[in-house]
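What follows is one structure encoded as C-alpha cells, with my remarks underneath.
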Amino acid sequence: MILVTGGIASGKRTYVRSLGYAESQMSSHVASEAPVLVGLEELLREGEPTEADLRALMSKDVVVCCEVGQGVVPMEGQERVWRERVGRTCTALAQDATRVVRMVCGIPVVIKEER
C-alpha cells in the first residue's frame, strides 16, 4: 500500500493519477472495490478505526489523507481528538506501507520506499 499525505490542494490526486489510477478508481468509502481510498481524514471523524478497518485500508493500493495536524491547535476538544486520531492512524499505516509520499507544492517527497 502507498500512503499519500499532504496539505489541502498539494497535488495528492494528481500524484495518484501519475501512478496510473483514474478518478473512477478513487473512492472515499473503505468498503468500495476501488483500489484508491481518498479522504481518510474525513472517514476518521466517525471514530477510532478497528483492526478490521486498518486491514481494509492496508488492502488498498493507495490511501490518500490530508495532513490535519499542523497549524493552529483547535480550541474544540473533539477537533483535537480527531487530529490525533488521524495522525495515529497514518502512523500505523505508514509503518506497514511500501511507500509513503508527502506532497509539497505539487512535488512528491518520498519519505519511505521499500523495494
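The values are calculated or read from the model by the stated rules, or taken from the named source; none is laboratory data. None of the values given here were measured: they were computed from a predicted structure. With ideal geometry, Cβ positions are generated from the backbone for all residues, glycine too; neighbour counts draw on all protein chains shown.
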Open item on the list: Testing GLY7 on (1) surrounded by 20 or more Cβ atoms within 10 Å (Cβ to Cβ); (2) under 26 Å from CYS105 (Cβ atoms), one condition comes back false. Which one is that?
Closed with: (1)
- [ ] Would you check if there is a residue in the stretch 100-109 being farther than 17 Å from SER10 by Cα and under 11 Å from the mean Cα position of the chain (by Cα)?
- [x] no
Open item on the list: The conditions are (1) of a type outside the set (Asp, Glu); (2) within 14 Å of the chain's Cα centre (by Cα); (3) modelled with pLDDT under 95, and CYS66 fails exactly one of them. Which is it?
Closed with: (3)
Task: Qualifying residues in the stretch 48-70 (those that are in contact with a Gly (Cβ under 9 Å, 6 or more places away or on another chain) and without any contact (Cβ under 8 Å) to a residue 40 or more places away in the chain) - the one surrounded by the fewest Cβ atoms within 10 Å (Cβ to Cβ) - done: GLY69
Open item on the list: Could you list, ordered by first residue, the pairs with Cβ atoms under 6 Å in which the first is in the stretch 4-27 and at positive phi and the second is not in a loop (DSSP other than H, G, I, E, B), at least 6 apart or interchain?
Closed with: GLY6/LYS12; GLY6/ARG102; GLY6/MET103; GLY11/MET103
Task: Count of residues meeting criterion [among the aliphatic types (A, V, I, L, M) and either modelled with pLDDT under 95 or over 9 Å from the mean Cα position of the chain (by Cα) (or both)] in the stretch 3-17 - done: 3
TODO: Please work out if ARG13 is closer than 22 Å to GLU114 by Cβ and assigned to a helix (DSSP H, G or I).
DONE: no
